[in-house]
Structures are given as structure tokens and as C-alpha cells.
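What follows is a short report on a single structure.
The values are calculated or read from the model by the stated rules, or taken from the named source; none is laboratory data. Predicted model, so just to flag it, every value in this text is computed and none were measured. Every residue, glycine as well, gets a Cβ built from its backbone with ideal geometry; the counts of neighbours run over all protein chains shown.
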Amino acid sequence: MGRSTLEGRFRVIDVSPDEVAEVVRELFEDGCYYATGMGVDERPLNGRFAVYHAINCPKRGVYVILRLTAPEDRPSVPSITPVLRGAEWAEREAHDMVGVTFENHPNLERLILPEDWPDGVYPLRKDFPYNRKVAGTGGTAGVRGERHDEATMSVPLGPYHPLLHEPEYFELYVREDRIVGADYRGFHVHRGMEKLAESRMTLNQIPFLAERICGICGCTHSAAYCQAVEEAAGVEVPERALYIRSLMLEVERIHSHLLWFGVACHLLGFDSGFMHFWRAREYVMDIAELITGNRKTYGINLVGGVRRDLSGEKIQKTLKLLEMAEGESREVIDNVVGMKELIARMEGVGVLRRKDAREIGVVGPVARASGIDTDVRRDHPYAAYGDLDFKVPVYRGCDVLSRFLVRIDETFESFSLVRQILENLPDGEIINEEYSLPYMEFGLGSTEAPRGEDVHMVLTGGENQVYRWHPRAPTYNNLPAVPLMLEGEDVADAPIIIASIDPCFSCTDHVSIVDAGSGRVLWRGPLLEGVERLRR
Amino acid sequence: MGLAVSIGKVTERYPFAPVEVPDDYRGKPVIDPGICTGCGACASACPPQAIQVKEEGEFRVVHLFLGRCIFCGRCQDVCPEGAIRLTTEFELATPNHDDLHQFVRLRMVRCVRCGRPFDTYRHLVRSLREVPFIEGERLLLCPECRAKAPLD
Amino acid sequence: MMPELSTLVNVAFVVLFAPLLDGIERRVKARLQTRQGPPILQSWYDLIKLLKRPSIEPSGSFGWLFRLAPAVALSSVLLASTFVPSLLARSMGFWGDLIAFVYLLALASLFLALGGFASCNPYAQIGSHREISLLMAEEFSLAFIVAGLAVSAGGLAFSAMFPLPLKASSVVGVLAFAVMVYVSGARVPFDVAEAEPEIVEGPLIEFSGRSLGLMKLTAYVRRLLLFTVLLNFVIPFGGVLRSSVYVAALLVLSAVYAAFEAYFGRFRTADAVRFLKRFAAAGFVCWLLAVLGW
């Protein structure tokens, strides 16, 4: 009846500090990349701190979770960032929030918490009550700017800027119309969700919190969370529920991509495109409202299945709306693709070479536009994707245009997927609530969100709760690539380049990652070189 | 784009004309005070804790505050009596704060032995459906006193 | 009617009608986007609201220039409207008024850019930088067109050129001028200086309240004057017929230009400049034809 999609999905391996670097190197050479990591205060259980590094091995269809621990009096482990660049932010975050030190980390500075947060106070430790208020130390906030010569003008983009839909801060170093460097500082929207979930929320309340990580891709977060718990508890989710989940995930992908096409047009000065795309998108919003009772906060996922079923009548209505949405989208896309001036502004712009993409560990359309063939739906099948037929578009242009094309293909694949799901919906229950929650069991759930791989890690707790929850949204992995894409480009292209990763700062920020200093290590080399080159 | 000419305007006339929502659109939740037993299942399930259940002397008060509500409908899912339902009402903006609060006051039963109010009358009556018939005074004992009382 | 009185009428007409044209353009664009769009008087409502509000000067700006810029910009275009026949055919024209017209309009753009620099906001500075680049490129093209038309008409006064004689050079010149009117009105793809998502409205970013109102009115008047000159080149009759045709043509031109604008995405500065440089060739052709007597 049901199918556990979680068999052999991940493997937790305890490693010793001496061997971790070697293991990581081997995995990377085997084609794996760094997905995410978390620090956990396990002192109430065993007097130790733990670090979990999740490494995605798409070729083997498994996540390898490397677990390191450290004693209470010396919470320090070796950093794997020197071996695997993609781990930099995760380790900084664990340091900032849990207080674990990573030896030989190139830049172990604050990532999430504000600069005037007092030292030695770690919010995700179990002895820090969730509602404790902390007074600032009165330090100065602000980006520590790079030193540049007088010819270089610094153009701040944010934290509040009409072009941005969420607060974030990019500091662009500009010479006339060229960008010679960029710094990023984010995590202005850190909301302390992990702490909240670990302190005062129950197992089935958390999907609703997770859904509100993002206003565009909420369903994927609630699904990934539920999957993580289902893994940990070995819950068999009924097939019909898996199909309904996939349905809403694909509906979400379509709406997200149409939204993005509109935003991209607007940024390129083509407001008519924005209006037409969002008009087509309205049909998709109507589908969501029809099925879930709301245009965006679907609230459909629970641990063990879904909350709402689909009647035959709803299926018919959905198919009609789908046809309108697909037809109109196609018309607008055909028009846009035929506009040479728009294409010219995307071609060859914001380039991210495949090598850099792999090392940084970018995901989703950004990765697929740089020639990396990866998709969680195919590599680690979840929900109903194992049964469904779809293509994964990969382009080699590495530029904004390639990312645009990847999303176009994905959108039409999604239309097809929605039809397949509706035509093959299996009968049966929509939820399985007969399970017991084990104590301190690890679970990992991952989905292919519209922006890329979304990973949630969970350690179950007792009494209908979770001990530790760590969501990692796709934009977290894609942001470090942005300064590389911006460097050397015309400042007029900055918005479309930043937008080409389809950034979701709310998603990224819930984890709270801050400080321009973080990005600096990644691109300090090219930045200085760039300035030098222009000076001559 | 000849598209625009063939489509015309898509702008809806709202608020000068009503907007249609599906029948099962998740709007404002309303508690039926004639059905609610004060069991508090909704309060436990509510993710933002928009529903609080408190005791005020003789009464158990179920308090729903729309300002915290996320319109998820979990309360409706878990209510054993179907007392709380989400309507399709979504135009909730108001200058009057009171409009955002709903209170249901349910009289409680006092334990005949220790005198403590331990359950609402309605819930007690409802729970008789599920438990085997309890004779006489045992019914009106609070859980602690009932546990201590000798079985007949 | 005395020239002074008709000039007064013309200036009043220009000031009152310009925001209306903007309203029409917004409505047309909205309909092409399947939207309802704002009412046609919306630009007036917006202007009135702005003019009622105080102007805030950013600290660290060049206050005197920041305050001066909107006044100079608006005065330039209003001055130009005294000798461009708009609603009424008679106005205070003079020899060389065509050149004066071109330069007064350029002066207005210049002060838009200077205002941007004066605000010391990095976005405004980028926008002003772009505005100057565009202005230079526009002037270059316009110079050829104007020269060609002057030769064709046999004089540098509006009185000689309104209307133009029916010759090949006039036709080429008028068409070229029609394109320049589009470009000069900062319409997409040439709204590089004001690019809202890229540099947040460019030079205007720090202007607010009354100053912003004046800047906007300047922009609207400028567009109207350019249309007016274009129409004057071709409307051959006078009197009431002329006035009615003129007003009707203004409405039509606005709608047509707005429709065009709905179709394009924005150029990068370099691309806009390149287009204009190439377009100067059209102006050159006009001049050549005129010189050859055609």
C-alpha cells in the first residue's frame, strides 16, 4: 500500500577528527558535493557537542552524513572547509549559533548573528531559553568595506532597495559602469525558527512554520521537513498522499518560475512581460486555491501524508485551468524569446564556470545552467517522482541566458508532470498517523525546490517534539557564487545577475547568515586582481 | 502583442464587486458556542497558539485571537465535535480590536469531593458516549479523586 | 490676437495639457498589458499631491544646486514654450528660435543631471552620468537633423519651418525627428537614466515633494513641446482647424508612442549611445538631401 521513499536515502557515519578531511576529499572526488551541515548541542544526552555534515552523492543516490563530536569542555573539531569550500558557511553558522570551533577554518567569523551580539552567548545551545532577550554590546553594525582607490565608487544595494524584494545587502564596487568587486551581507530576516521549533512547537505544528520560511517555496520546505521526520520514524506514507504532495510541489514550481520570468522581464526594463507572465500565473494561483484553500500557504503537508484530498470535480477544474496557464505561458515565453534586445542582455552575462560551480556546491537551475547534471527528484527520488516521467534540462552556457532557458524547460516539464499526476492518481488513504516517534533518531529530507536542492535535517525528540531541526534552502548554496558572477560586469547588469540565481533571501536567512566578511574569502583573490588590472 | 487586444482587461472590479473564492477556501475560523465542549484540542494543535484555553473561576474560556491566526485549519481538523469551522470570510481588517477576538465561556463542574472545577458540563456529558456508564457520584469526581475512591 | 496674449494662452495650454498626455500614455500601456490602468487625470493628481508636499534636501548634498536644478529645468522648458506655437499658431518666434529650442531642452536635461549629481547619491550619480552620455549622443543626431531641415526650409526660424515644404529631405527629416522625439522623451528602451529597477529612478532619486513635482512637470512639458514641433512641421493650415487637428494629433501621438514603449525592453547605456550614433546617419542623409535641393 504505502511506500517508504526513504530506504537507504542516507547513512550516518561517525568519523574521527583525524580521518574526516580524507573522507571528505574522497567523497568530493567521487562526484559528491557539500549539501549542508549543522551543529547540535547534545550535552543533555551525552555531554558532547556534535557536528553533522551532509554530503550529497547524486551518483550513488545517497546522502552521506559525517558525524563528529567534541567534549563539552573543548568543543572543537577540525574544519573541512580547506578541503571542501562549500562547507564554509555551514561551519561558520554552527560556530555562531552553537559555539563549536572549527580548527583551521579560513574565516571563522559571525555569519548569522548581528555584530553587536555578545560573545560566548550561543542561542542554539540547550541552556539558552528561546525567549531570552539579549542586549547588544553597542558595537557598530555595517559592512566592513574593502579598501579601494578613489576612482572606485562603492554602490550599496540594500538592505532596503526598491529592486529587492527582501532585505539583503550587496556592496558593489564600481568604476564608471563596471563592477570590480562585490560584498554580500545577509541574514537580516533571521527569525529564530530553528530555536522556536525545538523549544515550543510540536511535531505537526512545525510544517506550518516551515511553510513560512518562504513566501514562494513554502510547500517544498514543509514537504522536506515532513520527509525528514518520516525518514527518522520510518513512516510509510500512503501513495495517494505522495502523489498529492508531488502535485503541489510541481504547482509551486510553475508559479515560482512564472514569477521569476516576470521579475526578470521587469529588471530588463520590459514591464509588459512582467504583466503578461503574472497574468498567466494567476491561473496557477487559482489551481492552488482550488485544491488547498489558499493561493500560497497550501498547508497541505503533515507528517505521514497530506491533509486534503482531491475530488474528481476538482481534478477536472484543475486540468482546465492548467491548459489556460500552459497556453498563455507558452505565448508569452515565445514572445520574450523572440526579443533580441532581451536575449542580448542575458547572453554571456553573469558567467559561472562549471569548476567554480562544483566547488561552491551550487544547486538547482544555477547548477544545471553551468553544465552540472543534478536534480534531487531524479537522484534521490522522493514523493511520487520515482513513478513519473520527466527530463532534467542541462545547459552549458553558464550565463544568465542559460539559467533562463533551464527554467523555461522546467516549467513545461512541470506542466506535463502535473498532468501525469492527475491522470494516474492512485486510490487510498491520504495520511498515515499510525507511527511512533523514536527518540533521538536522525532524519534527512530533501526536495528539488524551484531554486534547487532544499535539505532538512532533523533529530527527533521525545513527547511529540524535535530535538534539532536544520533547514537549508537552496539559495544558501547559490549566494556565494554571486560575487563571482558580478565581477567585471556592467553595473546595469547587476540586478539581472543577482536575480538569475532566483534568490530567496527569506529562505536563506532563516538560517541567518551574515557578514560580508564571509564572502570575502571566496573572492578576495579575483577582487584585488580586478582592481589591479583596471588601475594599470 | 495582439494578445492584449484579444484578452481585454483582466483587472477585477474588487472592491467594487465581490471576489469569488472556492467553498473550501480557508478563511476566518468561527467556534460554535453551542457545540464546543472546551476540550482544548484546537489549542494544542494550533501552530501559532492563536487559541488559548483558560480557567476563570466557574468557567473554562476558549479564546480565539484572529491576530495570531494563520488560517491553516488544524483546529477544524482536530476538533472532535466539529465546533470550530473555517468560513470563507477573508475581509477581516477592522479598526475595532474586539472584532478579532472570540470568547466561548463554558460552565464547569465542581468535584463533589474536593470542590475543584475539573471539566465543563458539556464535555462531561459528551464523554459519557465513550466511557462505560459510571454510576452516581463517581461521575462528578475529578480525576484525582476518582482514582483514589474505592470501586464499588 | 496679440502675440503676447496668444503666447500666454499657449504656455498655459502646455502646462495644463502636458500631464494629461502622460496620463494617456500610462493608460495605453496598461491596456496593452491587459490592465485597467490609472484614470487619465492621474498624473495631474500625482503632481498636485507632490506640489503640496515639502522638499527634503539630503544632508551632504550641494544644497544650492539641488534647489536650483528643478527651477532652472522648468524655467527652460517654459521659456521654450513661449515661442513654440502650440494651441494657437501665433507666438513670439524669432530668427534662430529653432536652435534656441534645441538648446533650452538640452539645458533642462542638463539640469536634471546636475540635480542628480548635486544630491550626492551614488545611484543618482550613475543616472546623471548616463543622462549626460545620452544627451551628448542625442544632440549629435539632432544637430544633423536640424541642419538638414533648416536647409530644406530655407531658414532657421520656426516661422520658416512651420510647415515644411514637401520635399524628400523634409520627409526624411521629419521621420528622423519623430524618432528623436521618442528617444528624447526617455521612453523605453531609452529610459536608461531613469532605469527604476537598476538604479532606482536615477537622478531623481533624492528629489521629493515640490522639487520632484517640478522635475516631473518639466519632463511632461518637454515631451509635449517635442510633439508640438513635430506636428508643426507637418500641419499646413491655420485657425481653428489647426488647433483641433493639433490637439487630436497630440492624443494620437501619445497613444502610438506609448504603444511602442510597451513592446520594448531597456537598452544598456552603451547600446543606446551606439544606436544614436548610427541614427545620426539618418540625420546626415536629410541634410545631404536638403543641400542637394531635394
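A:R308 meets each of the listed conditions (1) assigned to a helix (DSSP H, G or I); (2) surrounded by fewer than 21 Cβ atoms within 10 Å (Cβ to Cβ); (3) away from chain C (no Cβ under 14 Å) apart from (1). Does at least one position in region A:488-504 carry a residue that is surrounded by 24 or more Cβ atoms within 10 Å (Cβ to Cβ), outside the structural domain of A:E252 (by TED's automatic domain parsing), within 30 Å of A:Y243 (Cβ to Cβ) and at pLDDT below 80? Yes: region A:488-504 contains one or more residues that are surrounded by 24 or more Cβ atoms within 10 Å (Cβ to Cβ), outside the structural domain of A:E252 (by TED's automatic domain parsing), within 30 Å of A:Y243 (Cβ to Cβ) and at pLDDT below 80.
Going by what's in this entry, would A:R295 be described as under 27 Å from C:L32 (Cα atoms), assigned to a loop (DSSP other than H, G, I, E, B) and more than 14 Å from chain C (Cβ to nearest Cβ)?
Values: under 27 Å from C:L32 (Cα atoms): yes; assigned to a loop (DSSP other than H, G, I, E, B): yes; more than 14 Å from chain C (Cβ to nearest Cβ): yes.
Yes, satisfied.
Pairing residues of region A:266-284 that are facing chain C (nearest Cβ under 7 Å) and in contact (Cβ under 8 Å) with a residue 12 or more places away in the chain with residues that are in a helix (DSSP H, G or I) and of a type in the set (S, T, Y), at Cβ distances under 9 Å and at least 6 apart in sequence or on separate chains, gives A:F270/C:Y263.
Taking the criterion of being over 14 Å from the mean Cα position of the chain (by Cα), away from chain A (no Cβ under 14 Å) and among the hydrophobic types (A, V, I, L, M, F, W, C), the residues of region C:112-138 that qualify are C:A113, C:L114, C:A118, C:M136, C:A137.
Filter region B:76-88 down to the residues that are within 13 Å of another protein chain (Cβ to nearest Cβ) and closer than 15 Å to B:D24 by Cα and list them by number.
Listed by number, the residues that qualify are B:Q76, B:D77, B:R85, B:L86, B:T87, B:T88.
One residue stands out among those in region C:197-240 that are in a loop (DSSP other than H, G, I, E, B) and within 14 Å of another protein chain (Cβ to nearest Cβ): the one that is modelled with the highest pLDDT, which is C:E201.
Each residue in region C:4-42 was checked for being surrounded by 20 or more Cβ atoms within 10 Å (Cβ to Cβ) and hydroxyl-bearing (S, T, Y), and 2 pass. Considering each residue of region A:211-218 in turn, at least one proves to be surrounded by 22 or more Cβ atoms within 10 Å (Cβ to Cβ), over 23 Å from A:L111 (Cα atoms), out of contact with any strand residue (DSSP E or B) (no Cβ under 7 Å at 6 or more places or on another chain) and not hydroxyl-bearing (S, T, Y). Picking from residues in region A:333-383 that are acidic (D, E) and within 14 Å of chain C (Cβ to nearest Cβ), the one that is farthest from the chain's Cα centre (by Cα) is A:E341.
Taking the conditions exactly as written (more than 21 Å from A:F442 (Cα to Cα), assigned to a loop (DSSP other than H, G, I, E, B) and not assigned by TED's automatic domain parsing to the domain that holds A:I360), does A:R74 satisfy them or not?
Values: more than 21 Å from A:F442 (Cα to Cα): yes; assigned to a loop (DSSP other than H, G, I, E, B): yes; not assigned by TED's automatic domain parsing to the domain that holds A:I360: yes.
It is true that A:R74 is more than 21 Å from A:F442 (Cα to Cα), assigned to a loop (DSSP other than H, G, I, E, B) and not assigned by TED's automatic domain parsing to the domain that holds A:I360.
Being among the acidic types (D, E) and over 29 Å from A:N204 (Cβ atoms) is the filter; apply it to region A:232-291 and report the residue that is surrounded by the fewest Cβ atoms within 10 Å (Cβ to Cβ). Filtering first and then ranking leaves A:E282.
Among the listed residues A:S256, A:S246, which satisfies the condition of being assigned to a helix (DSSP H, G or I) and touching a strand residue (DSSP E or B) at 6+ places or on another chain (Cβ under 9 Å)?
Numbers: A:S246 fails: touching a strand residue (DSSP E or B) at 6+ places or on another chain (Cβ under 9 Å).
None of the other options fit; the residue is A:S256.
Considering the conditions (1) under 28 Å from the mean Cα position of the chain (by Cα); (2) buried (at least 17 other Cβ atoms within 10 Å of the Cβ); (3) within 14 Å of chain C (Cβ to nearest Cβ); (4) among the charged types (D, E, K, R), A:E328 is excluded by exactly one of them, (1).
Does A:I421 fit the bill of being within 30 Å of A:P495 (Cβ to Cβ), of a type in the set (A, V, I, L, M) and buried (at least 18 other Cβ atoms within 10 Å of the Cβ)? Considered against the rule, which asks whether it is within 30 Å of A:P495 (Cβ to Cβ), of a type in the set (A, V, I, L, M) and buried (at least 18 other Cβ atoms within 10 Å of the Cβ), A:I421 comes out as no.
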